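Let me begin by presenting the structure, written as structure tokens, before commenting on it.
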Amino acid sequence: MPKSLKDLPPAVVSLIFAVLGLAVAGIAAYFWVWPLGRARDDLQKKVDDLKAEIQRYQAVEQQRQEYLVRIAALQKKLDELRSIVPDEQATDQFVRMVYNAATGTGINLRTFVAQPQVQRDFYAEMPFASRLDGTYYALLSFFDRLAHAQRLVSVAALSLGQPQGGGMGAYTVLSSETVGANCVFITYYNRPQAAPAPPPAKK
């Protein structure tokens with residue numbers, strides 16, 4: 001029986017050293033290399049998770065920006081609609097608008113009397129009985145200006161005749177005037193909607 005490695009054949013000694021080398025390499029891999037590999041895999045997973053989270057945030061941010069653009073567009077449209085049919089009566093502004101249109105076109109607005117309002121489902125009508133006189137072309141220009149006004153206004157019960165007579169109070173009709181008109185101007189405003197009734201309490 002050999003007492004030392006020297007007594008063993010060289011091939012056996014080489015095999016022993018090879019086995020020892022493999023054992024040492026295995027131990028080193030188990031205690032150092034494999035933990036590093038697991039740590040690397042864990043870090044890579046965290047990086048991948050972080051990238052996925054960033055992509056989700058980017059998608060959410062893009063959607064948020066799109067929503068903000070849509071909200072801004074809808075708000076602009078709502079503001080435009082409110083200027084046409086406001087949420088309040090704004091009677092003074094409407095009267096001023098009609099008078100400015102009349103004076104700007106050479107029309108005499110003799111009568112402008114508010115009538116009872118008409119309540120509809122979602123809006124209210126504000127009628128004003130009116131008497132006008134002036135020239136025929138001035139009257140056309142006056143109605144055209146109202147048709148292009150910012151606030152919605154319609155004309156009802158229009159009747160044309162001589163410029164003399166009609167209206168309230170004393171006034172002088174110029175010889176250059178050729179037509180008089182009676183009509184009702186109607187403008188509109190949104191009615192505030194009642195809040196929905198709360199559901200009945202459960203017994």
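Computed from the coordinates by the stated procedures, all read-outs in this text should not be read as laboratory data. What you see is a predicted model, and the numbers here were worked out from it, not measured in a lab. Note that each Cβ is placed from the backbone with ideal geometry, even for glycine, and that neighbours are counted across all protein chains shown.
Val184 to Gln93: extension gain in nm, 0.36 nm per residue of separation minus the Cα-Cα distance?
31.0 nm
Under the 0.36 nm per residue contour assumption, what length would be gained going from the current alpha-carbon distance of Met168 and Val47 to full extension?
Numbers: separation 121, 0.36 × 121 = 43.56 nm, distance 8.46 nm.
That pair, Met168 and Val47, stretches by 35.1 nm at full extension.
Each residue of the stretch 50-58 in order: what ³J(HN,Hα) in whole Hz does its phi give by Karplus 6.51 cos²θ - 1.76 cosθ + 1.60, θ = phi - 60°, with x for Gly and Pro?
Running phi through 6.51 cos²θ - 1.76 cosθ + 1.60 with θ = phi - 60° gives 5, 4, 5, 5, 4, 5, 5, 4, 5 Hz.
I need the peptides 143-152, 87-96, 55-64 ranked by packing, meaning the mean over residues of other C-beta atoms within 10 angstrom, with the highest value on top.
The peptides rank, most packed first, as 143-152, 87-96, 55-64.
Points 7 angstrom from Cα along the Cβ direction at Ala147 and Ala72: gap in nanometres?
Inter-label distance under the simple model: 3.6 nm.
How many nm separate the modelled label positions at Gln119 and Asn100, each set 7 Å beyond the Cα in the direction of the Cβ?
If labels sit at Gln119 and Asn100, their model points lie 3.2 nm apart.
What's the Kirkwood radius of the stretch 91-190 in Å, using all Cα pairs?
13.9 Å
For Asn108, what charge total do you get from the other residues with a beta carbon under 11 Å from its beta carbon, if Lys and Arg give +1 and Asp and Glu give -1?
Local charge sum for Asn108: 0.
Enumerate the amide H contacts of Arg110 below 5 Å, restricted to partners 5 or more residues apart or on another chain; note that Pro and chain-start residues carry no placed amide H.
Under 5 Å from the amide H of Arg110 lie the amide H atoms of Arg131, Leu132, Asp133, each far enough along the sequence or on another chain.
Step through the residues of the stretch 123-132 one at a time and calculate ³J(HN,Hα) from phi using the Karplus curve (6.51 cos²θ - 1.76 cosθ + 1.60, θ = phi - 60°), rounding each to whole Hz and writing x for Gly and Pro.
Going residue by residue, I get 8, 10, 9, 10, x, 9, 6, 9, 10, 10 Hz, with x marking Gly and Pro.
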